[in-house]
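Rule-based calculations on the coordinates, nothing more; no lab input. Predicted model only: the values in this text are computed from it and were never measured. Quick reminder, even Gly has a Cβ in these numbers, built from the backbone with ideal geometry, and neighbours come from all protein chains shown.
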Amino acid sequence: MKISALLRWQWSAYLNYHASRTNLFIHIAAVPMFLLANISLIVSLFELSLFRALISLIAMVFAFGLQARGHSMEKNPSVPFSGPGNALARIFLEQWINFPRFVFSGGWFRSLQNSTAP
């Protein structure tokens with residue numbers, strides 16, 4: 001699937017997978033953590049700092065794990081990954097494009113208002 005099609009597909013059902021209050025709060029903290037860890041990883045590779053690169057990778061895995069836990073609380077479970085390439089593409093597109101779009105468009109706040117407390 002092309003990147004543009006994958007982005008449209010993710011976005012078309014985004015509200016279905018981001019409706020739980022707990023998941024929304026996890027995402028609002030974990031996505032920036034993931035993004036900062038991505039940037040830190042790139043910088044550490046340019047600086048040849050293997051320790052910092054390892055810490056960055058651990059932070060990325062931790063942030064993604066938190067989000068996976070949040071998605072497990074959703075009424076609608078996420079669509080399983082179809083393979084490693086699909087997993088990487090979906091993860092990075094959601095983190096860098098669709099979740100920030102969700103927040104800046106007001107979708108995150110509207111979803112929070114419509115969510116129910118656990």
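Summary of values
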| read-out | value |
| --- | --- |
| C-alpha long axis of helix 50-71 to longest principal axis of the chain, angle in ° | 10 degrees |
| Charge dipole (the chain, unit charges on Cβ, about Cα centre) - positive-most of 58, 32, 12 | 12 |
| Angle between the chain longest axis and helix 84-93 axis [Cα atoms, degrees, rounded to 10] | 80 degrees |
| Cβ charges +1 (Lys, Arg) and -1 (Asp, Glu), total dipole of the chain, debye | 260 debye |
| Helix 21-46 axis, angle to the chain major axis (alpha carbon atoms, nearest 10°) | 20 degrees |
| GNM flexibility winner over the chain from 53, 63, 30 (Cα, springs under 10 Å) | 53 |
| Fraction of the pair-distance distribution of the range 14-114 above 24 Å, Cα-Cα pairs, percent | 25 percent |
| Linear extension gain, residue 113 paired with residue 33, 0.36 nm per residue minus alpha-carbon span | 26.4 nm |
| Low-density loop positions, trypsin sites (Lys or Arg not before Pro), the range 12-118 - DSSP coil, at most 15 other Cβ in 10 Å | 75 |
| Sites residue 103 and residue 47, calculated FRET efficiency, Cβ-Cβ separation with R0 25 Å, nearest 0.05 | 0.25 |
